[in-house]
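Working notes, beginning with the structure itself.
The values are calculated or read from the model by the stated rules, or taken from the named source; none is laboratory data. Source: prediction; values computed, not measured. Cβ placement follows ideal geometry from the backbone for every residue including glycine, while neighbour counts extend to all protein chains displayed.
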Amino acid sequence: MPVVGGGWVTKTQVNEVQHLTCVATQGYFYLSFRRESTVRIPHTATKAELEAALGGLRNVDGVKLTTADPASDLVCGPGAGRTLAVEFLAPTGDVPTLAYQLDGVDDIVVYDHDSPSGGATPVGTRGTKEYKECSGRGMCDRVAGACVCFDGFGSSNGQGGPGDRADCGYTMYYTGRLNDQQSAAAALGIGAGAV
């Protein structure tokens, strides 16, 4: 399977962010992304439990959840409910809106970048990072199932920094010395040919 990632040469690119509001004092719910559904999620779920449920989907490689209320880690709440931001770390780009199914909770609303703005309603952010094979900066070795990066690019952390994804998404900076690629590879703990 080819390794995909985003190209982060343009520093103004952003991850998709959707806002989810859950109103509940009882019950369960499910979230779906690209026709994959999470396990049954209780109204007492924490951010970490919801992150794990979304991360358990085969088509989601990473999400980061943040809440407006740092005093509570719960996803759902009574009254007006609790709102949290769901940032898609991978896949990147303009992703579909999360879908939901209620199973005893009062209500869930998901706001994405196409939601109308106004009042206190949070509006999401359209993801602008690319999601390309080898980040568009290398060639896929389909036999090995790995990217062979072009000169100047290496393995990223999925967000533009150095890491172990082997996706060519990290832009390496050279001083002009011949051994910069080997030094960068050594710092990442990988062979220079994989960088």
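Condition check ((1) farther than 20 Å from V63 by Cα; (2) modelled with pLDDT under 90; (3) more than 22 Å from the chain's Cα centre (by Cα)) across all residues:
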site: Y100; (1), (2), (3): no, no, no
site: G124; (1), (2), (3): no, yes, no
site: K132; (1), (2), (3): no, yes, no
site: C168; (1), (2), (3): yes, yes, no
site: T171; (1), (2), (3): yes, yes, no
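Out of the residues in segment 27-47 that are part of a loop (DSSP other than H, G, I, E, B) and of a type outside the set (A, V, I, L, M), state the one that is surrounded by the fewest Cβ atoms within 10 Å (Cβ to Cβ). Result: R35.
Scanning segment 58-86 for residues that are surrounded by fewer than 18 Cβ atoms within 10 Å (Cβ to Cβ) and farther than 25 Å from T25 by Cβ yields R58, N59, D61, G62, K64.
Out of V148, V75, V143, V105, one residue alone is over 19 Å from R34 (Cβ atoms), touching a Lys or Arg at 6+ places or on another chain (Cβ under 8 Å) and of a type in the set (V, I, T). It is V75.
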